[in-house]
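Okay, structure first, notes after.
The values are calculated or read from the model by the stated rules, or taken from the named source; none is laboratory data. Please read all numbers here as calculations on a predicted model, not as lab measurements. Backbone-built Cβ (ideal geometry, glycine too); neighbour counts: all protein chains shown.
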Amino acid sequence: MTATVPTDPPPPPPISDSSDPEGRVELAPGAAGSDSRFVNDDLLPVPVESRRWTTYNFAALWVGMAHNIPSWLLASGLVTLGMDWKQAVFTIALANVIVLFPMLLTGHAGPKYGIPFPVLARASFGLRGANLPALIRAGVACAWFGIQTWIGGSGIFVLLGKIFGGWAEASRIAGHPWTLWLCFVLFWALELAIIYRGMETLRRFENWAAPFVIVGALVLLGWITWKAGGLGPLLDQPSSLGWGEDFWKVFFPSLMGMIAFWSTLSLNIPDFTRFGAGQRAQIWGQSLGLPTTMTLFALLSVFVTSGSQAVYGAAIWDPVALAAKTDNVFGLLFALVTVLIATISVNIAANVVSPAYDLANLAPKFINFRTGALITGVVGVVIMPWKLTATPELYIFTWLGLVGGLLGTVAGILIADYWIVRRTVLDLADLYRPGGRYWYANGWNWRALAAFATGGVLAVGGSHSAPGKGPFPENGLIPFLRPLADYGWAVGLAASFLLYVALMTMARPQGADAPPAHRSSA
């Protein structure tokens, strides 16, 4: 497969950005053409006048997404695995500082060009090749949507069952009470009803959901502190790992798992930053919102989990199960509302927006944003999400490790292409037009595919499970790659980044960079 090298200089891009103080680029009307294979209204750049999200909007988005039950399970799961509260908080804080950097790098294209993630991926993978990372991201998001919806529905089931009684004894369907399935379906329908109203509704919901969830977490902390007789017992729970070899064996795969938790958003953050008023809004909003709130929430989680160990003699890592131990009806209702808001807040923003755009990119003529959201909801139900959160080992090491390795590989290619190969300069019209500079060889850039395959194998090829703790062989899928498995996200990102840059440098294909006439201020 060979690249096509243009013999004539390409025409100047149909953009108008010279007068914009933020350096934002806008597509001239009709410049993208009308090829329905690659264009619909949801994939076109957001007009400059519609890019209105401020620093607060981005910070509130992250507060709403960070404060949810699965991220709580991350921190409390580390305590369950043997860490003390200082070790768990250190691991999570470091992971979120690390993952912030690729988040900001890929997010840069959003305010500047107004494009979603699958369109950005066309620059590196090709107009058709972009479907590969888009479908990987969509598949992961569908699985996460199912996990979050199951957790939310289970929370409603537990708390309402505690209030009304007898729910757990209801007749069973597929091994679970029908009342649990009812809660699951109702919660699923509520989520899709909100997302159906569009991104502006999501922005307004996140603005008030974020502070409410913080209050709910603080109330749970206050309750367990009162039950434990003060903060002392919460902080006195020792680490069973120490700071020696046992700790580091758990630390590195846990660190990669924590990074993998948000590695999904490090790819598709342009889906949100494309609505940003400028680079300052997305940079400050994300920097203030992600690492600070995740660390605070981790602190609350490990305090509460340590407190449950002091009060009940065992660490209860599920906040819903812990809240259900109270007999106060008002407390149960408050916990119920908090679970609803927290889960909806993250699930819609993190796990529906992305696959909706990704699926629209697959078949723009037939799938728009709303249709993509409905498909996500259906797929999220059929992946049996209740199995992925059965144990901390399966949740953190197996699921998050595999996800992190694959998505880190894609992130490495996107960052290398946008920042190193193109130096943030894109031809907007050609991102939607077959035969342009991002068409490569019939819509595919084999260099990106080679970098993805190599990085992916190195990142996840050594995936393994503890005996009886997961689906992978104890010696790894590819035994000699097992030493790399605990560093999957970092290995995938670094390997794909370096290989992609090398391949694009050795043979500059059509679209490798833009000529000076196409450059615009960053």
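Observations on the model:
- Applying the condition of being surrounded by fewer than 22 Cβ atoms within 10 Å (Cβ to Cβ) and aromatic (F, W, Y) to the stretch 87-122 and asking which residue is nearest to Y432 (Cα to Cα) yields F101.
- Extreme residue, surrounded by the fewest Cβ atoms within 10 Å (Cβ to Cβ), among residues of the stretch 173-199 that are modelled with pLDDT under 85 and in contact with a Phe, Trp or Tyr (Cβ under 7 Å, 6 or more places away or on another chain): I173
- Some residue of the stretch 40-50 being at pLDDT 75 or above, out of contact with any Gly (no Cβ under 9 Å at 6 or more places or on another chain), surrounded by fewer than 19 Cβ atoms within 10 Å (Cβ to Cβ) and part of a helix (DSSP H, G or I): yes
- Filter pass, L290 being over 23 Å from A217 (Cβ atoms) and crowded, with 24+ Cβ neighbours inside 10 Å: no
- On the stretch given as the stretch 325-363, residues that are outside any helix (DSSP H, G or I) and surrounded by fewer than 21 Cβ atoms within 10 Å (Cβ to Cβ) total 5.
- The lone criterion from (1) at pLDDT 80 or above; (2) in contact with a helix residue (DSSP H, G or I) (Cβ under 6 Å, 6 or more places away or on another chain) left unmet by T371 is number (2).
- Counting only helices (runs of 4 or more DSSP H) that sit completely within the stretch 439-511, those holding 1 or more residues that are modelled with pLDDT of 80 or more and touching a Ser or Thr at 6+ places or on another chain (Cβ under 6 Å) correspond to 446-460, 488-506.
- Test: residue in the stretch 61-70 that is in contact (Cβ under 8 Å) with a residue 40 or more places away in the chain, of a type in the set (S, T, N, Q) and part of a helix (DSSP H, G or I): no
- Test for P29: is it buried (at least 22 other Cβ atoms within 10 Å of the Cβ) and part of a loop (DSSP other than H, G, I, E, B): no
- Residue match in the stretch 208-216 (condition: crowded, with 18+ Cβ neighbours inside 10 Å, more than 25 Å from L105 (Cα to Cα), at pLDDT 80 or above and in contact with a helix residue (DSSP H, G or I) (Cβ under 7 Å, 6 or more places away or on another chain)): yes
Per-residue answers, yes or no, for (1) touching a helix residue (DSSP H, G or I) at 6+ places or on another chain (Cβ under 7 Å); (2) in a helix (DSSP H, G or I); (3) at pLDDT 95 or above:
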position	(1), (2), (3)
L394	no, yes, no
L402	yes, yes, no
G408	yes, yes, no
G412	yes, yes, yes
A416	yes, yes, yes
R423	no, no, no
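- Only one entry in A189, A217 is in a helix (DSSP H, G or I), hydrophobic (A, V, I, L, M, F, W, C) and free of Cβ contacts under 8 Å to residues at least 12 places away in the same chain, namely A189.
- Verdict on W226 being without any contact (Cβ under 8 Å) to a residue 40 or more places away in the chain and either surrounded by fewer than 24 Cβ atoms within 10 Å (Cβ to Cβ) or closer than 22 Å to A342 by Cα (or both): yes
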